[in-house]
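Since the structure comes first, as structure tokens, the remarks are kept for the end.
Computed from the coordinates by the stated procedures, all read-outs in this text should not be read as laboratory data. In this text, all values refer to a predicted model and were calculated from it rather than measured experimentally. Quick reminder, even Gly has a Cβ in these numbers, built from the backbone with ideal geometry, and neighbours come from all protein chains shown.
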Amino acid sequence: MKNKFKNIFITGGAGFIGSHISEAFFKSFKKSKIIILDKLTYAGNKAYISSIIRSKRVKFIKSDILDTNKYSKFLRNCDLAINIAAESHVDNSFISPLNFTKTNTLGAHAFLLECIKNKVKKILHVSSDEVYGEKILGNCHENQLVNPTNPYSASKAAAEILINSYKYTYKKEIIIVRANNIYGIRQYPEKLISTSIVNLIKNKPIPIHGNGKNIRYYLSVIDFAKALILLVKKKNRGTFNIGSNYSEKNINIAKKICIIFKKDPNKYITFTKDRLYNDKRYSVSSKKIRKLGWKPKESLKRDLPMIVKWYKKQYKIFKKYGEKI
Ligand SMILES: NC(=O)c1ccc[n+]([C@@H]2O[C@H](COP(=O)([O-])OP(=O)(O)OC[C@H]3O[C@@H](n4cnc5c(N)ncnc54)[C@H](O)[C@@H]3O)[C@@H](O)[C@H]2O)c1
């Protein structure tokens, strides 16, 4: 592929999704330098990017996205900046909502301003389908109004509104992506799939919020990375939903994982107090990006055994388990 970008800046590049995106961009843009910024919160870990971090083409900066003085100069010659850094766990957003506003809204805004100051040509901001709020029937389209229902999704929606305005003010090439629940290896054990797997490894039950009937769509992090690469290669701008066709009730995900572990779901699933508000269903239409030639190829059903295998071998990588890497 013709080398489009000299320098690519990625925030949150040592987190779950960010580590896969950093690897995928490293592989796809073989002559580009990849500058990865990450605060390394509980969810980030340099070990997730061990396959690329020692390359001469990679620079790692440990910094909060809000500490712009620490990284501004590295944006100077970047043609592409991707903002993935975030506080990402909805449950935590009920406990410390201001942390979410700080990183997800103020941090995203500060990063955008630095990109503009440094004349970064293309900016891609990673958002979430949760900004639309609950969708009991049908699909959400990109031009629909956002209606977030928790501090996490509100902080993401607020960032989007700020970022979107710069399209007009500064005529910037800005892309915003709203993705489904993303699955894959390296997801911190706090989300449904990763918690279920690690709990069963430790012979503990899987905690399920409420009655477990909430529905989520699941997209592979590999397909997500391919969507981002496709979007940045051409002169795309605007908002794109990125979704799969595969949805499942939370309880069924837990049951599938019990089956892989050969454990009785009746014994290994417990129901816990529901979130203050728990969206019953999200659903997005991905027609816009599919028209560009993208469609998901991976499948959760097929990938789950491989993911379980990875966690069995690697779960001590997570900071929660206190292991030093
Ligand atoms: N996980 C999903 O299912 C999903 C779905 C749709 C969208 N998203 C979005 O994708 C992005 C990544 O999600 P994830 O699941 O990989 O999250 P994650 O929590 O696994 O990783 C977040 C990363 O951001 C870093 N970070 C946090 N605060 C920071 C700060 N102040 N400054 C610099 N770095 C900071 C962390 O250290 C970590 O490496 C988020 O923007 C999230 O909103 C996630």
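Here are the numbers for the structure shown:
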item: Vicinal HN-Hα couplings computed from phi for the stretch 65-75 (Karplus, 6.51 cos²θ - 1.76 cosθ + 1.60; Hz; Gly/Pro x); result: 4, 7, 7, 4, 4, 6, 10, 3, 4, 6, 8
item: For the stretch 212-325, Kirkwood radius (reciprocal of mean inverse C-alpha pair distance, Å); result: 16.9 Å
item: Normalised contact order of the stretch 50-136, rounded percent, pairs of Cα under 8 Å and 6 or more residues apart; result: 39 percent
item: Gap separating the Cα centres of the stretch 227-242 and the stretch 69-105, nearest whole Å; result: 20 Å
item: Amide H within-cut-off set for Phe9, under 5 Å, with H built and near neighbours excluded; result: Ile35, Leu80, Ala81, Ile82
item: Placed amide H near Ile176: partners under 5 Å, 5+ positions off or other chain; result: His125, Gly238, Thr239, Phe240
item: Per-q log10 I(q)/I(0), the stretch 26-122, q = 0.10, 0.11, 0.18 Å⁻¹ (Debye; single scatterer per alpha-carbon; no solvent); result: -0.29, -0.35, -0.91
item: Solution diffusion estimate, µm²/s, Stokes-Einstein, the chain, Kirkwood Rh from C-alpha pairs, 20 °C, viscosity 1.002 mPa s; result: 107 µm²/s
item: Placed amide H near Asn181: partners under 5 Å, 5+ positions off or other chain; result: Tyr217, Leu219
item: Pairs beyond 29 Å (Cα-Cα), from Lys70/Lys295; Lys255/Lys297; Lys255/Lys295; Lys156/Lys291; Lys191/Lys301; Lys191/Lys263; result: Lys70/Lys295
item: Between helix 108-117 and the chain: long-axis angle, C-alpha atoms, 0 to 90°, nearest 10; result: 20 degrees
item: Protection proxy ranking, peptides 167-173, 11-17, average beta carbon neighbours within 10 Å, highest first; result: 11-17, 167-173
item: Relative contact order %, the chain, counting alpha carbon pairs below 8 Å whose residues are six or more apart; result: 17 percent
item: Listed residue (Cys258, Tyr277, Tyr132) projecting farthest to the positive dipole end of the chain, Cβ model; result: Cys258
